[in-house]
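Chemist: I am attaching a structure below and will ask some questions about it afterwards.
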Amino acid sequence: MAFAAGSNAALAEANPHPRPPSRAASVTATLPAQAAAVPEARDTVIGTTASTASGKKGLRRVSPAEIETATYDGGDLPAGQSALTAKVQILLDRSGISPGVVDGWRGGMSESALKAFQRREGMPMTGRMSPDLWSRLHVYAAEALTDEYTITQADAAGLVDKIPADYADKAAMRSQGYTSVLERLSERFHMDEKFLALLNPGVKFEPGATISVTRPAKPIRATVTRIIIDKETRRVAAYDVKGRMVADYPATVGSSDTPSPHGTHLVKAVALDPTYTYNPQRNFKQGKNDRVLIIPPGPNGPVGDVWIDLSEPTYGLHGTATPSRLFVNQSHGCVRLTNWDARELAHMVKANVTTVEFLDPGVRIEDVAHSAVAMESSAPISIRASRPPARSSSYAAPIQAEPAVAAPLQTPTNAAAIAAAVQEAASTVAGKIAGNDRPVAAPAGRGEALTEALARAEAIADEMLSQRAQDASPDAQVGSRALPPPAQKPQL
């Protein structure tokens, strides 16, 4: 099923490319040498887990109509690759639970996404489809799941011939860019490259060609204050200040030889399109390279096109050049997401505010997620001289990490008055920025905690400042979606 005229504009809004630079755009020049990704083979069989390479049945063809009309008749999802699984993956993506790539394969990554959805909904975490799960997912099927897109000249610009494995060869390049239009559009529409080609048999991916694509969700807009990383299930869950799960992503988390960190750390900075510093004295030795190398930015770089820097030196959350292989590859201790998931998360975290927790073996996200609100009320308040810079497209100054002063949590006698004042100030600022035709902040609720009110006020101000930047730059319009509502069963 295709949308009417203007679908290219609608898809561009749903999948901005690129989004406005983050508040740490210039961190690219000063990032510490990150732990690098294990070299990844680019010629692989289709699929998201090793199981998809073991002879499971793949589709010979699939059409947009088959995805749109796929129905669930009970039992688990079909083995191998199917239009129904592709439909479920699109719905999961729209619900805020990332399946990784949309490829139609029933595998480990899709199963982990179903479990994450079940966790959020308070259902038994089986990772298997059921009538109840299908009805809850179907809430997100109001809009068409596929669309048509006409390839533009811009889609074919800036491509590179190939991405070499040797880091010295990488450093000699001007960009770690896309190698084909197919690769670029696959990432834009959250799809596996081979699945996108399967959906468009015989089509040359070149300017002027009209192709069929799946239609992913718009980026979530929220403020994430807590990230929980489960190394064993390989999921990354993001929560807001009220303890609501904002999003959940699949990830590669370290390896047995180079495990990820332990404990809780802070987000220190965010960089979009970062350069990568290879330093054999600090991390590891790649090939015969024994000197420091600066690898230029690009989606096929060692850390993809996003770096979320942590307070633990050389560790971070970042993108990947091979999103279909998140559950197959290993990393040198960092947390690897798809480029689009990492970019979405990068726009929601806050420097020196968002915590990142690496769970101990045997501890699951569901075991600790309920403590999100409790932690907010019991953790020391972090006092900073100023708010982190807003996500403005005009901001390009480097982040100056300000030391946080930890103070024991004491509820002031005038906490309610302060919280109300913060909300009133946020409303006033929002009104001046947005004008009378836009909604302003709601008044503080009775008994709302001071830290909660401050976080909510910052989120409101960030959103309004971002909106002002968008209004000032027509070419930088960013589509977004609010937090996904709790799924409800449709009325029978």
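Chemist: Based only on other Cβ atoms within 10 Å, what is the fewest-to-most ordering of Leu182, Leu359?
Modeler: Fewest to most other Cβ atoms nearby, the residues stand as Leu359, Leu182.
Chemist: When Thr126, Thr71, Thr146 are ordered from fewest to most other Cβ atoms inside 10 Å of their Cβ, what list results?
Modeler: So the residues, fewest neighbours to most, are Thr71, Thr126, Thr146.
Chemist: Additional query: Between Gly298 and residues 5 or more places away or on another chain, which pairs have amide H atoms under 5 Å apart, with H built 1.01 Å from N, and which residues are they?
Modeler: Gln176
Chemist: Under 11 Å from the Cβ of Asp192, count the other residues' Cβ atoms, weight Lys and Arg +1, Asp and Glu -1, and hand me the total.
Modeler: Value of the local net charge: -2.
Chemist: Report the net charge of residues surrounding Thr146, where surrounding means a beta-carbon distance below 11 angstrom and charges are Lys +1, Arg +1, Asp -1, Glu -1.
Modeler: With Lys, Arg at +1 and Asp, Glu at -1, the net is -3.
Chemist: Okay, next question. Which trypsin sites (Lys or Arg not before Pro) does the range 145-220 hold that lie in a coil by DSSP with at most 16 other beta carbons within 10 Å?
Modeler: Hits after loop and neighbour filter: Lys162, Arg174, Lys204.
Chemist: Using the number of other C-beta atoms within 10 angstrom as an exposure proxy, rank Ile220, Ile294, Ile229 with the fewest first.
Modeler: The fewest-first ordering by Cβ neighbours comes to Ile294, Ile220, Ile229.
Chemist: Next question, about the same structure. What does the charge add up to near Leu84, with Lys and Arg as +1, Asp and Glu as -1, over the other residues with Cβ less than 14 Å from its Cβ?
Modeler: -1
No lab work stands behind these numbers, since they all come straight from the coordinates. Note that the structure is predicted; figures quoted are calculated from it, not measured. Cβ atoms come from the backbone with ideal geometry, glycine included; neighbour counts cover every protein chain shown.
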